[in-house]
Amino acid sequence: MNTEILTIKEDGSASDDCAIRRAAECIRRGGLAVFPTETVYGLGGNALRAEAAKKIYAAKGRPSDNPLIIHIDETEKAERYAYTNPLFYRLAEAFWPGPLTMILKKRDCIPDTVTGGMDTVAIRLPQNPTARALIRMADVPVAAPSANLSGHPSPTTGEHVVRDLSGRVDMILYGGPCSIGVESTVLKVEEDRVILLRPGGVTYEDLCGLLGPEHVTIDTIVTEKVGEDVKPLSPGMKYRHYAPVAPVILLQGTEAAVSAFMRERAADTPNAAFLVYDEDGVGLPSDRTLTLGRRSDPSAQAKRLFACLRAFDDMEGVGVIYGPLPSKEGIGLAVYNRLAKAAGFSIKEV
Ligand code: TXA
Ligand code: MG
């Protein structure tokens, strides 16, 4: 397949209307177009057509039991595709448009193929102006998983998308880097509480602030490894995701102990690579060390994380990657979750 790459302005302003309109038309007619959102790039198709969902699974090489998120441009439209409740509207009022996906019982117009056979559907209203213009012009809900090949880190730049999906989709809207850099917060919305299935830009603290901690549960899948026999609430969380080719080991200990451990490995393990906070790279080989952001700035870490994980695969002969165990505060919980998954929850005390 010949993939058309259309460069657009980062802010999705009017001069790019033509490119966005063409991508919208492509989706409406059953084709696939990649577009930027504030979290990660999405691989969009018409969520009302089972055929489009099948094409999405094929393009990503994704197991078809892993449901897709549908993207809308106005809160009111959720009612068409799902059974909403007052808690849903409270959350939408507070956090949409933005990095929040809500799971509700689905209506029949959403094909089972889109939801991987589940009777629920995940819905998100993104903030990015290109994404919103695209969904509005497509005039259908847009099913969009992250625009990476299955098993690769989610793409946070146009370059990541081109490397993964060139030749596999009809169009790519190539914009700027994603401002948040980790995928949206996923919540299962019940009558009087929410279950956090994937942490993201809308944080646990944000949710507790709005609803009270007694109405917010963090699913164990966020911070712990699930056994092979467990059927998770969110099918996507069971797959080994975000993992560089070399094994990742996260180090738990004081700043000094972690730094000392890394310096020792740098000296005795030539094929070791290192992921460190900006202030911690001293004494490590510069060609094998990537910086994640300042220790005290989890938003910066979220933005850089996936590019770092991809960059380790571009380094030659890396046999093992050592990284820090992030804090679980704020968007730090999302960084913790993605890194812990990349490491297969391999955490070493030092
Ligand atoms: O930020 C994002 O959410 C990006 C952008 C493009 O919007 N999309 C994204 O989609 O990350 P994806 O497909 O890579 O991740 C969706 C996650 C998966 O873990 C999936 O299993 C879960 O949401 N999910 C989707 N529908 C679900 C449902 N009905 N029940 C439970 N989990 C669901
Ligand atoms: Mg994904």
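We did not get these values from a lab; they are worked out from the coordinates using the rules stated. Since the model is a prediction, treat every value here as computed from it, not as a measurement. For neighbour counting, all protein chains shown are included, and Cβ atoms are generated from backbone atoms with ideal geometry for every residue, glycine included.
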Which shape class, rounded, prolate or oblate, goes with the stretch 118-177 when its Cα gyration tensor gives a ≥ b ≥ c as root eigenvalues, a/c under 1.5 marks rounded, and past that a/b bigger than b/c marks prolate?
oblate
Checking the a/c ratio against 1.5 first, then a/b against b/c, what shape does the Cα gyration tensor give for the stretch 75-211?
prolate
With label points set 7 Å from each Cα along the Cα-to-Cβ direction at residue 83 and residue 350, the distance between them in nm comes to 5.2
Could you tell me the calculated FRET efficiency between residue 94 and residue 9, based on Cβ-Cβ distance and R0 = 35 angstrom, to the nearest 0.05?
0.75
Just subtract the alpha-carbon distance of residue 320 and residue 163 from 0.36 nm times their residue separation and send over the number in nm, one decimal.
54.2 nm
Built amide H within the under 5 Å cut-off of residue 172, gap 5+:
4, 5, 6, 34
At q = 0.15, 0.19, 0.20 Å⁻¹, work out log10 I(q)/I(0) for the stretch 1-106 with the Debye formula, treating every Cα as an identical point scatterer and leaving solvent out; two decimals please.
-0.77, -1.17, -1.25
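Need the full-extension length gain, residue 294 to residue 263, defined as separation in residues times 0.36 nm minus the C-alpha distance. One decimal, nm.
Details: separation 31, 0.36 × 31 = 11.16 nm, distance 1.90 nm.
Extra length from residue 294 to residue 263 when fully extended: 9.3 nm.
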Which FRET efficiency value, to the nearest 0.05, is calculated for residue 255 and residue 105 with the Förster distance at 41 angstrom and r the Cβ-Cβ distance?
0.30
For residue 191, project a label point 7 Å along Cα to C-beta. Then give me every residue of the stretch 72-90 with its amide nitrogen under 19 Å of that point.
83-90
Starting from 0.36 nm per residue, how many nanometres of slack lie between residue 29 and residue 225 once their C-alpha separation is accounted for?
66.5 nm
Enter the Cα centre distance for the pair the stretch 256-284 and the stretch 285-350, rounded to the nearest angstrom.
13
Considering only the chain, what is the antiparallel percent among its DSSP beta bridges, to the nearest 5?
40
So, relative contact order of the chain in percent, Cα under 8 Å, 6 or more apart, is 19
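Could you tell me which of rounded, prolate or oblate describes the stretch 148-281, using a ≥ b ≥ c as the square roots of the eigenvalues of the alpha-carbon gyration tensor, with rounded for a/c under 1.5 and, failing that, prolate when a/b is larger than b/c and oblate otherwise? Show your work: numbers first, answer last.
Details: a/c = 1.78, a/b = 1.19, b/c = 1.50.
Oblate, since a/c reaches 1.5 and b/c is not below a/b.
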Helix-only [θ]222 nm of the chain, DSSP H runs n ≥ 4, -39500 (n - 2.57) each, per residue, nearest 500:
-9000 deg cm²/dmol
